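**Student:** Can you read through this structure? Questions will come right after.
Every read-out reported here was derived from the displayed coordinates using simple, explicitly stated rules and does not represent laboratory data. Treat the numbers as computed from the prediction; the structure is a model and nothing was measured. Cβ: placed from backbone, ideal geometry, glycine included. Neighbour counts: every protein chain shown.
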Amino acid sequence: MKRKGNRKRGSIKRGSQSRRKRRKHAKPRRLLRRSGKGRRKGRKGRKGYRRRLARARTRKRAEKKGFDAVRLRAGNELFKQQLPVGGRIIDWFREIFKLDHDEFLWELYRQILQREPDAAGFQDHKQRLEDGTAKVWIAASLIQSQEAESVFDRGPSGEANTAAHVFQNLFPAAELDFIHAAHVHLLQREPEAERVASYAGALRQGLQRRIWIARLLLSDEAQSLLVGAGAPAPAAPRSSGQYRNIGIFLCFGSQISMDGEGIGRFIVRLSEGLLALDKGYALHVTTTEANFKETSAVFHYLLERYKGRVHIHHSDSMDMINRNVPADVWIVPYIGMALAQYLQKPTIICLHDLVYLHFPELYAGNQTHYQYVHAIAQKITAKAAAVVFDSEFTRRHEGHKFLSLPAHQTTVIRFAAPREEYSAFGVVSEDTIRSKYKLYGPYMVFPSVIRLHKNHERLIDAFHRFRLTEIGAASGLKLVFTDVLANRPRQQEITAALNAIGDPGIRTSIQFLGRIPSGELPSLYKYASGTIVPTLFEGSCPFPILESLLMDTPVAYGRLEVVEEVIADSSSFATFNPRDQLEMADAIARLWLQGKSVVPEQKAALGGILHRNWIDVARDYSAIIDNIAASTP
């Protein structure tokens, strides 16, 4: 027994030694298999096996938790095709709420967070549903999450038939625009007039928009729509056969200044032309509470002259406007007024330009805002009875290329020189103008607010170059702008152009007057030695060309396709490439040397456009109004 035991211990010992020897001799071979050629051999097969094993384990865990991603993903691809792009959120949610718990959660994550659910979040929400929590509360909790805030705050992304995409488009909007759009998407109606002010106030005071949206979704009205068939469509407006009450829609989403702005001057001139026709029109100018004072001031002259035919309405509620303003047809002078999409009577949309599409490099810094404006432009023009352009250039690009509008929906109505307006303003004495604005000596003017495409910095550089020449130095000429520089677009570039001027005399000869009253603008033109229009883009023949020549002041302008529609023969004008400062400086010199002697030739080159007045413009709009009245059932 002892020997047997000894042999066992010895065999164990020998076995251990044998194993140690084997390990010792085998080590290099094992290392070789783990690295180098030995490892590369058969790698794909092992990796593929590991991936398959990992997927199988993931599926097993998901199925154990009630989370079959493959099945849900495939089912969701079919479901989301049923949700049309351009629909309303409440209509999408009504269909989503009909799904079973798993499919509902999968689609809800896509709708609000633009992603597939994580396993933990999915299981948590599913457990809440199984415990009796209503689906609308699950949706509201996702909308109120911090993740939803980050999704809604970024630019439009993801699939267009999701609530997140809609909110991404709406979050840059002003409070009034946002409130109305959210109501239409979630309640299929405009907000009550008595609640708009309190909603807007709460949002301005810091109530987060996603929280307000969630509250709206949890309202009894929204919940009844989720289980019902939806609100009935509003009845189509009926025509009396002849339109006499013209609505002028000026409901900007935020407070603005219209005096001196292009849109303000345009709509006042058009309104005066409509009132001067023998049609007996009554104008119903409608604005928001924030802009009531400004609108009243801008229309003061017409209110006094046409007593009883001009009415100013003000409300922040589109429901109130649609019910109480007796307009047969609306003229909407600016494409970015989002509230115009809720007008119930036929609309005539004035589309002056979509400049941000022509210069994406200039407007890229505020891309989210212009994406919002473009979305509004698409909605407003799609439902318009007519869309009016100021030139063939903008009808071709903005109307047909960018918005894909049918030809029969579009028309061109050219502007006119402001004869009637300037006649009413009269002329302020030269001493008064020069003394008020310290314009002693000769000056040239570029009357425009500062915009990204207005090209102020190149004009400053060109003027500097001109003043450095012998002729320029002797001229003592000043360059005058009608805006302030502080907090304006391109302020940095304009400031750099000013700082590049080493001569303090030349530097102080460039003046920013600020926005001057409209009544003083004709006189500013009249006493100027010339008007320079360096803009990179205009939707029509630039207003300053017509205004300046109306006051017998010569013009130099940048060569643009839209100007060539009106001025076929430019030989009497000092023209230039607006991107070339040397050409611009030469044009300033030519304008200075020619003086006012070329005014008769320049007026003749404009042909009939300079003799066109705003009654002619109004007559063209009146023809559209009559056509709409005749075609409305």
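**Student:** Classify region 419-609 as rounded, prolate or oblate from the Cα gyration tensor: take a ≥ b ≥ c as the square roots of its eigenvalues, call it rounded if a/c is under 1.5, otherwise prolate when a/b beats b/c and oblate if not. Don't jump to the answer; show the numbers that get you there.
**Tutor:** Working: a/c = 1.35, a/b = 1.16, b/c = 1.17.
Judged from the Cα gyration tensor, region 419-609 comes out rounded (a/c under 1.5).
**Student:** A follow-up question, please. Please find the FRET efficiency linking Glu194 to Ser429, where r is the Cβ-Cβ separation and R0 is fixed at 51 Å, and quote it to the nearest 0.05.
**Tutor:** 0.50
**Student:** Okay, helix-only estimate at 222 nm for the chain: each DSSP H run of n ≥ 4 adds -39500 (n - 2.57), divide by all residues, round to 500 deg cm²/dmol; what do you get?
**Tutor:** Details: 33 runs with 336 residues, N = 633.
After summing the helix terms and dividing by residue count, I get -15500 deg cm²/dmol.
**Student:** What is the calculated FRET efficiency for Leu218 to Asp131, with r their C-beta to C-beta distance and R₀ = 22 Å, to the nearest 0.05? Don't skip to the answer; put the middle values down first.
**Tutor:** Values: r = 18 Å, r/R0 = 0.84.
The computed FRET efficiency comes out at 0.75.
**Student:** Separate question: Does region 245-412 come out rounded, prolate or oblate, given a ≥ b ≥ c as the square roots of the eigenvalues of its C-alpha gyration tensor, rounded meaning a/c under 1.5 and, failing that, prolate meaning a/b above b/c? All intermediate terms of the calculation are to be shown ahead of the outcome.
**Tutor:** On the way: a/c = 1.69, a/b = 1.49, b/c = 1.14.
In terms of gyration-tensor shape, prolate.
**Student:** What length, rounded to one decimal in nm, is gained on full extension from Asp91 through to Arg559, with 0.36 nm per residue of separation minus their alpha-carbon distance? Don't skip to the end; give the middle numbers.
**Tutor:** Details: separation 468, 0.36 × 468 = 168.48 nm, distance 5.04 nm.
Stretched out fully, the Asp91 to Arg559 stretch lengthens by 163.4 nm.
**Student:** Could I ask something else about it? Is any residue of region 203-218 close enough, with backbone N under 20 Å, to a label point placed 7 angstrom from the Cα of Ser150 along the Cα-Cβ axis, and if so, which?
**Tutor:** 208-211
**Student:** Next question, about the same structure. Just want the answer: with Cβ charges of +1 for Lys and Arg and -1 for Asp and Glu, which residue in Gln223, Thr508, Gln144 is farthest toward the dipole's positive end in the chain?
**Tutor:** Farthest towards the positive pole: Gln144.
**Student:** Quick check: from the Cα gyration tensor, does region 335-412 come out rounded (a/c under 1.5), prolate or oblate? Could the numbers behind the result be given before it?
**Tutor:** On the way: a/c = 2.40, a/b = 1.28, b/c = 1.88.
In terms of gyration-tensor shape, oblate.
**Student:** Computed from the coordinates I sent, mean projected area of the Cα convex hull in nm² equals one of [x] 46.4; [y] 38.2; [z] 36.6. Tell me the label.
**Tutor:** Computed from these coordinates, mean projected area of the Cα convex hull in nm² corresponds to label [x].
**Student:** Using alpha-carbon positions, what is the distance between the centroids of region 87-114 and region 445-509, in Å?
**Tutor:** Each part's Cα centre sits 56 Å from the other's.
**Student:** By how many nm would the segment from Ser570 to Arg50 grow when fully extended, if each residue of separation counts as 0.36 nm and the alpha-carbon distance is taken off?
**Tutor:** My answer for the length gained is 179.6 nm.
**Student:** Students often check this: by mean Cβ neighbours within 10 Å, which of 203-213, 372-382, 397-407, 174-184 ranks highest, and how do the rest follow? Don't skip to the answer; put the middle values down first.
**Tutor:** Numbers: 203-213: 14.7, 372-382: 19.5, 397-407: 16.9, 174-184: 22.5.
Per-residue mean Cβ counts within 10 Å order the peptides as 174-184, 372-382, 397-407, 203-213.
**Student:** Where the centre of each part is set by its Cα atoms, how far does region 544-569 sit from region 178-209, in angstrom?
**Tutor:** Cα centres, region 544-569 to region 178-209: 46 Å.
**Student:** I've got another one for you. Counting only C-alpha contacts under 8 Å and six or more residues apart, can you give the relative contact order of the chain as a whole percent?
**Tutor:** Working: 900 pairs, mean separation 70.2, N = 633.
Relative CO of the chain lands at 11 percent.
**Student:** What pairs in Lys279/Lys345; Lys80/Lys401; Lys438/Lys596 have C-alpha atoms more than 28 Å from each other?
**Tutor:** Lys80/Lys401
**Student:** Still on this structure, I have one more. So how much slack lies between Asn499 and Gln511, counting 0.36 nm per residue of separation and subtracting their Cα-Cα distance, in nm?
**Tutor:** Values: separation 12, 0.36 × 12 = 4.32 nm, distance 1.39 nm.
Roughly 2.9 nm would be gained on extension.
**Student:** Taking R0 as 25 Å, what FRET efficiency do you get between Arg305 and Leu277 from their Cβ-Cβ distance, rounded to the nearest 0.05? Please list the in-between numbers first.
**Tutor:** Values: r = 14 Å, r/R0 = 0.57.
Step by step, r from the Cβ atoms, then E = 0.95.
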